[in-house]
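Working notes for the structure below.
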Amino acid sequence: MYQHSLEIIDLSHNKLVGMFPTWLLQNNTRIQGMYLMNNSLSGILQLPNSTHDLLELRISNNNLNGQLPMNIGVIQPRLENLNLSKNSFEGYIPWSMGEMKSLNMLDLSSNNFSGELPKPFITGCHSLEFLKLSNNSFHGEIFPRFMNMTRLQWLILDNNKFGGKIQDGLSNARFLSVLDLSSNRFSGQIPDWIGNFSGLNTLVLSNNLLEGGVPVQLSNLEDLFILDISENRLSGSMASSFNLSSLVRKLCMQKNALNGSIPNAFLRTTSYLVILDLRDNEFSGSIPIQIDEVPKLDVLLLGGNHLEGIIPHELCKFKYLSILDLSRNRLNGTIPSCFTNILTWVEQSNDTYGIPPEMTSVISYDGYYSFSSYNFTLAFELQSSVVQSTQETEIGFVSKNRYDSYKGSILRYMLGIDLSCNELTGDIPTDIGNLQEIITMNLSHNFLSGSIPESFSNLTNIESLDLSHNKLSGRVPPQLTQLNRLGIFNVSFNNLSGPIPDKGQFGTFVESSYEGNPGICGPQIKRICDSSEPTTPPATPSGDREDEESESAIDMVSFYWSLFAAYVTTIMAFVLILWLNSYWRKQWFCFIDECIISSYCWVLRNVFHSQRRNTKGTTQTPKAPQPEHHEPQSQSYPKTPPLETQRTQQHTNTIAYSILHSSLSTKDMAAFLAKLSAKEFVVLEL
């Protein structure tokens with residue numbers, strides 16, 4: 001294809017296969033933008049042999065493999081946007097990429113690249129604004145002092161093997177907006193100079209080996225939107241002067257060794273906070289009362305700390321709270337009955353609040369490319385002029401006796417409360433039964449007393465209910481059999497008594513769900529109940545019985561119809577086989593013929609011959625008795641049948657063989673048998 005004036009070619013989102021079309025670049029030297037995203041191109045990336053003035057090359061989400069051409073920076077020195085993500089490239093970044101002085105966007109994520117970043121690349125690509133190397137196997141230390149990427153705004157290096165300290169070379173990127181170094185092997189402390197990035201809105205350093213304290217300089221990040229420093233080795237208490245930006249929506253510090261009290265500043269200055277995750281640290285003291293100043297809080301995870309005191313009633317002011325985890329602390333007192341004020345737990349809400357399935361940061365570029373080679377000026381705006389970096393929200397929560405991670409849109413449907421492993425006392429409030437939208441509830445390992453509220457039968461959406469290791473008494477309410485979605489039910493190690501319900505879902509729970517309760521009985525635990533106590537819930541009303549009968553009738557009708565359909569299908573399949581296969585068709589008809597002949601022979605033996613024998617017995621005259629003659633005994637030998645009898649036997653066998661292997665019709669066969677003599681019938685019987 002020769003189009004000497006062609007400047008842009010976009011074949012994205014198709015089903016193109018084969019090698020990379022190098023010939024397009026060779027035959028069209030004026031091409032400045034080539035877009036081949038979301039196809040099925042394979043093989044290695046081959047470039048023209050001579051220098052080309054291409055400005056944009058996007059071939060992401062294909063099946064390209066092999067190493068990048070070593071001279072890619074020499075052949076494409078004017079390249080400004082290079083996107084090779086979601087392929088199978090491997091090997092090192094070529095040193096020649098340092099010659100791309102105009103490169104401002106580079107995306108090599110989701111490949112098999114490895115090795116260290118070459119020095120010419122770090123020092124030569126001084127125009128880079130967007131650099132994404134996620135999901136590869138790069139290693140080594142980065143950000144040396146001679147790093148010359150001063151225009152960087154987005155730096156995303158997550159899921160690699162980078163290590164060492166975060167060096168000062170990165171501090172030269174004063175315009176940094178997004179910094180994601182998660183899931184690497186960085187060590188040392190979080191640098192104080194990160195607080196100098198006045199435009200930083202996303203800081204993700206999770207899942208590394210960072211240690212030390214949280215620098216108070218992070219309080220200077222006035223535009224901070226996401227802060228995630230979880231799963232490190234951070235320790236120490238939070239400074240009293242530590243403040244957060246009022247724009248923070250996601251704050252994650254879980255799985256560290258932070259101690260001291262939870263700073264009031266976390267909640268006092270963040271009116272947009274949606275997710276607060278401080279689990280598995282060493283925070284102590286009480287839950288801050290000022291927490292009610294965060295009206296949009298959706299996820300509150302404080303489990304696995306050393307918090308004490310009561311559960312503050314201020315929590316009930318969170319109308320849009322979805323997940324609450326206060327487990328594995330030292331909280332005491334009673335369970336607040338005001339949880340019914342949390343609207344998302346009580347009724348379905350169409351409100352716009354909720355856990356965002358993803359956190360998004362946006363960065364805009366003002367640059368346009370203008371191509372005036374046509375008879376008019378074509379203003380081509382970069383498709384990436386507004387680039388979005390999406391970090392999918394992921395929340396871990398214990399449900400159904402296991403720890404699961406929920407992320408994406410499924411979070412909007414996850415509603416749960418976990419107060420387990422505390423020192424809570426008193427009765428379970430009856431109002432808790434009004435939390436109809438709750439999916440999982442864990443109140444185990446406390447000192448709760450009283451009985452299980454019958455109002456729990458209103459928890460129509462609950463799937464997991466754990467009340468084990470408490471001091472509950474009384475019986476398991478039979479009304480709980482109405483919970484049709486209940487998959488996990490555990491009341492072990494309490495003081496319960498009486499029969500166990502065995503209807504509905506309760507017929508599926510194993511013995512371990514009830515162990516440690518010496519007073520209960522029922523078939524689930526193989527303990528016979530006293531005859532004075534009913535083992536089943538009260539009888540259902542007549543209306544329910546009629547519904548069950550109607551359902552049963554419907555089931556029988558369905559059974560008859562399915563039986564008829566199976567019968568017809570079998571017959572049709574059999575006929576189809578005989579129609580298609582001549583050999584089996586012939587065998588089938590031969591089998592039918594043999595059955596007919598066998599039936600005729602049976603009739604002859606058991607009907608006609610028996611009648612003849614009876615007639616012969618009535619017409620035969622008796623003979624006079626003969627005197628007895630005593631002859632000397634001699635050795636007896638088998639008598640040889642007369643010659644006529646042998647011939648008759650052979651003749652009869654021939655007739656029988658002819659009958660079995662003939663193709664006579666039923667009517668002709670009957671006429672043929674009628675002509676046989678009586679003697680032949682007799683011999684045929686023998």
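The values are calculated or read from the model by the stated rules, or taken from the named source; none is laboratory data. These figures come from a predicted structure and were not determined experimentally. Methodologically, a virtual Cβ is constructed for each residue, glycine included, from the backbone with ideal geometry; neighbour enumeration extends over all protein chains shown.
Out of Gly33, Gly73, Gly98, one residue alone is farther than 23 Å from Phe162 by Cα, touching a Pro at 6+ places or on another chain (Cβ under 9 Å), of a type in the set (Gly, Ala, Ser) and modelled with pLDDT under 95. It is Gly73. Take the range 225-247 and flag every residue that is at pLDDT 90 or above and farther than 25 Å from Arg185 by Cβ. Result: Phe225, Ser237. Taking the listed residues Ile417, Ile432, the one that is within 22 Å of Asp298 (Cβ to Cβ), part of a helix (DSSP H, G or I) and within 34 Å of the chain's Cα centre (by Cα) is Ile432, with no other qualifying.
You will find that of Phe186, Phe197, the residue that is buried (at least 16 other Cβ atoms within 10 Å of the Cβ), closer than 15 Å to Asn160 by Cβ and free of Cβ contacts under 8 Å to residues at least 40 places away in the same chain is Phe186 and no other. Restrict the check to the range 244-257 and report whether at least one residue is small (Gly, Ala, Ser), in contact (Cβ under 8 Å) with a residue 12 or more places away in the chain, more than 18 Å from Ile194 (Cα to Cα) and not in a loop (DSSP other than H, G, I, E, B). Yes, the conditions are met somewhere in the range 244-257.
The single condition among (1) farther than 20 Å from Ser237 by Cα; (2) crowded, with 20+ Cβ neighbours inside 10 Å that Glu222 does not satisfy is (2). Just one residue in the set Asn305, Asn329, Asn281 is out of contact with any helix residue (DSSP H, G or I) (no Cβ under 9 Å at 6 or more places or on another chain), under 22 Å from His445 (Cβ atoms) and touching a residue at least 40 places away in the same chain (Cβ under 8 Å); that residue is Asn329.
Of all residue pairs spaced 6 or more apart or on separate chains, those with beta-carbon atoms under 6 Å, a first member in the range 464-479 that is in contact (Cβ under 8 Å) with a residue 40 or more places away in the chain and a second member that is assigned to a loop (DSSP other than H, G, I, E, B) and basic (Lys, Arg) are Ser464/Lys400.
Only residues that are of a type in the set (Ser, Thr, Tyr) and in contact with a Cys (Cβ under 9 Å, 6 or more places away or on another chain) were counted across the range 297-327, and they come to 1. Of the residues making up the range 111-130, those that are in a loop (DSSP other than H, G, I, E, B) and buried (at least 20 other Cβ atoms within 10 Å of the Cβ) are Asn111, Leu117, Cys125, Leu128, Glu129. For the range 483-524, the set of residues classified as crowded, with 17+ Cβ neighbours inside 10 Å, out of contact with any strand residue (DSSP E or B) (no Cβ under 8 Å at 6 or more places or on another chain) and either in a helix (DSSP H, G or I) or small (Gly, Ala, Ser) (or both) consists of Ser492, Gln524, listed by residue number.
Could you say whether any residue in the range 165-183 is in contact with a Lys or Arg (Cβ under 7 Å, 6 or more places away or on another chain), of a type in the set (Ser, Thr, Tyr) and modelled with pLDDT of 95 or more? No - not one qualifying residue is present in the range 165-183. Do we find that Leu103 is surrounded by 23 or more Cβ atoms within 10 Å (Cβ to Cβ), out of contact with any helix residue (DSSP H, G or I) (no Cβ under 8 Å at 6 or more places or on another chain) and assigned to a loop (DSSP other than H, G, I, E, B) in this structure? In short, no.
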